[in-house]
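Visitor: Have a look at the structure that comes next, please.
We did not get these values from a lab; they are worked out from the coordinates using the rules stated. What you are looking at is a predicted structure, and each value in this text was computed from that prediction instead of being measured. Because the Cβ atoms are built from the backbone with ideal geometry, glycine has one as well, and the counts that use them run over all protein chains shown.
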Amino acid sequence: MKYYILITILILVTYFIRSSFILFGHRLTFSKDAKLALSFLVISILPAMIFPGILVKYEPVHIFNERLVASIFAIGISLKSKNIMTTMIGGFSMLLFLHQF
């Protein structure tokens, strides 16, 4: 029973934190420097979320990392085609192909 109470409290806290930006967001004003710093936030967080998944494997250590090879292949596709769907399909296809061997 105590887990249900804890989960309910966490749900409410998360809801109020997220809704506060919607309810009070128009009242917030940021300086020019703060807006510039926040514009780089996505650029810095995205690699921090992606690279550990590429580089860290939870299997026995191998010299060959198929995730890294598939990621490099997907980067090459994205530079050549400039199309996100082509990049995703090519990267996943390469990952599946390499995973078979």
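Visitor: Using amide H atoms built 1.01 Å from N in the peptide plane, name the residues 5+ places from residue 65, or on other chains, whose amide H lies under 5 Å from its own.
Guide: Hits under the 5 Å cutoff: none.
Visitor: With +1 assigned to the C-beta of every Lys and Arg and -1 to the C-beta of every Asp and Glu, and no other charges, what is the dipole magnitude of the chain about the Cα centre in debye, to the nearest 20?
Guide: Values: 9 positive and 3 negative charges, 72 e Å.
Result for the chain is approximately 340 debye, rounded to the nearest 20.
Visitor: May I pose another question? Summing -39500 (n - 2.57) over the DSSP H runs of n ≥ 4 in the chain and dividing by its residue number, what mean residue ellipticity at 222 nm do you reach, to the nearest 500 deg cm²/dmol?
Guide: Mean residue ellipticity at 222 nm (helix-derived): -25500 deg cm²/dmol.
Visitor: Put a dot 7 Å past each Cα toward the Cβ at residue 82 and residue 51; how far apart are the dots in nm?
Guide: 2.7
Visitor: Helices from the chain with mean Kyte-Doolittle at least -1.0 and a Cα length along the axis of 27 Å or more, per DSSP H: which? Can you show the working numbers first?
Guide: Working: long enough: 2-24 (32 Å, 1.72).
Membrane-span-like by this rule: 2-24.
Visitor: Order the peptides 9-21, 82-94 from the highest to the lowest mean number of other Cβ atoms within 10 Å of their residues.
Guide: Result, highest mean first: 82-94, 9-21.
Visitor: Can you give the FRET efficiency for residue 15 and residue 40, using 1/(1 + (r/R0)^6), R0 = 25 Å, r = Cβ-Cβ distance, to the nearest 0.05?
Guide: 0.30
Visitor: Something else: Restricting things to Cα coordinates, could you compute the convex hull volume per residue of the chain in Å³?
Guide: 216
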